[in-house]
Amino acid sequence: MARIVKFRQPKRPVRRGRRRRTGIWRLLLLSGAFAVAAWLSHDPVRVIEDHRDRPVMAGRFPLCVESGADTACISDGDSIRLAGGAPLRVIGYDTPEIGQPQCERERELAVQARAELQRWVNSGPFDIVYQADQRDRYGRRLARLERGGEDVGEVLIAKGLARPYDGGTRENWCA
């Protein structure tokens, strides 16, 4: 007759003290460090001085594709959005279209113009000089951006990233 042998699992050794969970703690510590670094580097856009038609702004303007709908950001080389989502057309110059470029050269110049506008507005406080209550055909308020007497349009034009523009016919960037 066959003999039945019961199989018993070996007893696990009893661990004394606390179990180590270094992986979880490292992950939590690293996540916390990133959160603190992001919080410290965040510089929200704000009005520093509020004059009637000439507020002074400062802060970090991200690109609109990276930010939420209600945050201040850079749309393209001649358009920004202020906090609350209010669109603003910067006047006095025209930059290539970033949304629907007609050729590769226009797309490249549009990206460079947007980056230069972002660099300029993020390099310190600047004035928004509104043109009364004027708006363009898209409903955007019209204004100039100035810092210490320097107009951002003049900077972009000098770098070849914009052309003077007074609202007339726009020139082709692909020619």
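The values are calculated or read from the model by the stated rules, or taken from the named source; none is laboratory data. What you are looking at is a predicted structure, and each value in this text was computed from that prediction instead of being measured. Positions of Cβ are backbone-derived with ideal geometry, glycine not excepted, and every protein chain shown enters the neighbour counts.
Some points to look at:
- Of the residues making up the stretch 104-119, those that are within 20 Å of the chain's Cα centre (by Cα) and in contact (Cβ under 8 Å) with a residue 24 or more places away in the chain are Leu109, Ala110, Gln112, Ala113, Arg114, Glu116, Leu117, Gln118.
- Those strands (runs of 3 or more DSSP E) lying entirely in the stretch 64-103 with at least 1 residues crowded, with 17+ Cβ neighbours inside 10 Å and over 18 Å from the mean Cα position of the chain (by Cα): 92-94
- A single member of Gln100, Gln9 is polar (S, T, N, Q) and modelled with pLDDT of 85 or more, and it is Gln100.
- Candidates Ala110, Ala143: the one that is buried (at least 20 other Cβ atoms within 10 Å of the Cβ), in a helix (DSSP H, G or I) and not acidic (Asp, Glu) is Ala110.
- Residue match in the stretch 156-165 (condition: in a loop (DSSP other than H, G, I, E, B), within 20 Å of the chain's Cα centre (by Cα) and touching a residue at least 24 places away in the same chain (Cβ under 8 Å)): yes
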